[in-house]
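**Q** If you scroll down you'll find the structure; I have some questions about it.
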Amino acid sequence: MLGPVDVVAPSLLGCWVVTDRPEGQVALRLTEVEAYSGEGQDPASHAHRGPTPRAEIMFGPPGRLYVYFSYGVHWCANVVVGPEGRGSAVLLRAGDIVLGEEVARARRPAARVARDLARGPARLTQALGIGPYDRGLDLLAPESPVRLHHGSAPATVSAGPRVGISQATELPWRFWETGAPSVSVFRAGGTGRGGKRPGRRAGQDGAP
DNA sequence: GCATTGATCTTCT
DNA sequence: GAAGATCAATGCA
């Protein structure tokens, strides 16, 4: 859990994220993550500007859960890594549901096949039932309702550019299990919609 | 299949 | 005021 974030991040692949809720237990095996450094060389990180009220969890002790609200609609989950004060974290991007699929399906009615249950950071968070009430939870504590467990490391790990950002896109800080179906939709930078989406900030001004 | 668009919070300019 | 670590519904081929 300690060390450079781009070294710790791929070591989380294959780990299990387990959530215990009244409606049931859900376990997920991580297949895709992204590293975000707080050390200043990473302008795409929320920690780049320092400990704002939103990102202050990132500067806390390692093993904590950083949850943030994205695009006014979605919640995304990160694991804080590195020592206190550094501000490095790993974004949980995708995984495979291994326990409690029925509970996850109930939370994600839009998912038509199992692969879609946790394909993408906001979907993963929703399938696990993680929300703002979980901010700052200790993922390493046995009594925590959201926990991180060691699992089987993937046979092969791939690395490539991060998705959905416009700065520091050259850093190969996205890591995924090679061949995992739950990450296939995220094509390595450039070929997909990631790189070429001009002026997508529409709406709003179209009032008659 | 693929491209477009709405939703609407946090932070910076 | 504008952009962002996004998703899902819609329209068209």
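**Q** Provide a single number: the residues in the stretch A:171-198 that are modelled with pLDDT under 90, assigned to a loop (DSSP other than H, G, I, E, B) and surrounded by fewer than 19 Cβ atoms within 10 Å (Cβ to Cβ).
**A** Residues that pass the stated criteria total 15.
**Q** Does the stretch A:26-50 hold any residues that are within 12 Å of DNA strand C (Cβ to nearest atom) and open to solvent by 40 Å² or more (accessible area, probe 1.4 Å), and which are they? Outline the logic, then answer.
**A** Going residue by residue through the stretch A:26-50, those that are within 12 Å of DNA strand C (Cβ to nearest atom) are A:32-38, A:42-49.
Once the filter is applied, which keeps residues that are within 12 Å of DNA strand C (Cβ to nearest atom) and open to solvent by 40 Å² or more (accessible area, probe 1.4 Å), the stretch A:26-50 yields A:P43, A:H46, A:H48, A:R49.
**Q** Please pick out the residue among A:V90, A:V5, A:V79 that is open to solvent by less than 20 Å² (accessible area, probe 1.4 Å), in contact with a helix residue (DSSP H, G or I) (Cβ under 6 Å, 6 or more places away or on another chain), within 12 Å of DNA strand C (Cβ to nearest atom) and not small (G, A, S).
**A** A:V90
**Q** Would you please name the residue that is most open to solvent (accessible area, probe 1.4 Å), looking only at residues in the stretch A:109-129 that are modelled with pLDDT of 95 or more and either charged (D, E, K, R) or more than 23 Å from A:E177 (Cα to Cα) (or both)?
**A** Result: A:R123.
**Q** Within the set of pairs 6 or more residues apart or between chains, which connect a residue that is over 17 Å from A:V81 (Cβ atoms) inside the stretch A:127-138 to a residue that is part of a loop (DSSP other than H, G, I, E, B) with Cβ atoms less than 7 Å apart?
**A** From the stretch A:127-138, the pairs are A:A127/A:R108; A:A127/A:L117; A:A127/A:A118.
**Q** Limited to the stretch A:116-163, what total is found for residues that are touching a Pro at 6+ places or on another chain (Cβ under 8 Å) and part of a helix (DSSP H, G or I)?
**A** Selection size over the stretch A:116-163: 1.
**Q** Going through A:R21, A:R107 one at a time, which residue ends up being free of Cβ contacts under 8 Å to residues at least 60 places away in the same chain, among the basic types (K, R), more than 9 Å from DNA strand C (Cβ to nearest atom) and farther than 29 Å from A:T156 by Cα?
**A** Result: A:R107 is the single residue among A:R21, A:R107 that is free of Cβ contacts under 8 Å to residues at least 60 places away in the same chain, among the basic types (K, R), more than 9 Å from DNA strand C (Cβ to nearest atom) and farther than 29 Å from A:T156 by Cα.
**Q** With (1) surrounded by fewer than 20 Cβ atoms within 10 Å (Cβ to Cβ); (2) among the small types (G, A, S); (3) more than 16 Å from DNA strand B (Cβ to nearest atom) as the list, and A:A104 as the residue in question, which single condition is left unmet?
**A** For A:A104, the exception is condition (1).
**Q** Run A:S45 past the list (1) farther than 24 Å from A:I165 by Cβ; (2) under 14 Å from the mean Cα position of the chain (by Cα); (3) hydroxyl-bearing (S, T, Y) and report the number of the one that doesn't hold.
**A** With respect to (1) farther than 24 Å from A:I165 by Cβ; (2) under 14 Å from the mean Cα position of the chain (by Cα); (3) hydroxyl-bearing (S, T, Y), A:S45 is out only on (1).
**Q** Another question about this same structure. Filter the stretch A:18-43 for residues that are among the small types (G, A, S) and either in contact with a strand residue (DSSP E or B) (Cβ under 6 Å, 6 or more places away or on another chain) or within 30 Å of A:V98 (Cβ to Cβ) (or both) and give the result.
**A** Hits for the stretch A:18-43 are A:G24, A:A27, A:A35, A:S37, A:G38.
The values are calculated or read from the model by the stated rules, or taken from the named source; none is laboratory data. Just so it is clear, the structure is predicted and the values come from calculations on it, not from any experiment. Every residue, glycine among them, receives a Cβ derived from its backbone with ideal geometry; neighbour counts consider all protein chains shown. Side chains included, ligands, DNA and RNA excluded: accessible areas come from the protein's heavy atoms. Shrake-Rupley method; radii C 1.70, N 1.55, O 1.52, S 1.80 Å.
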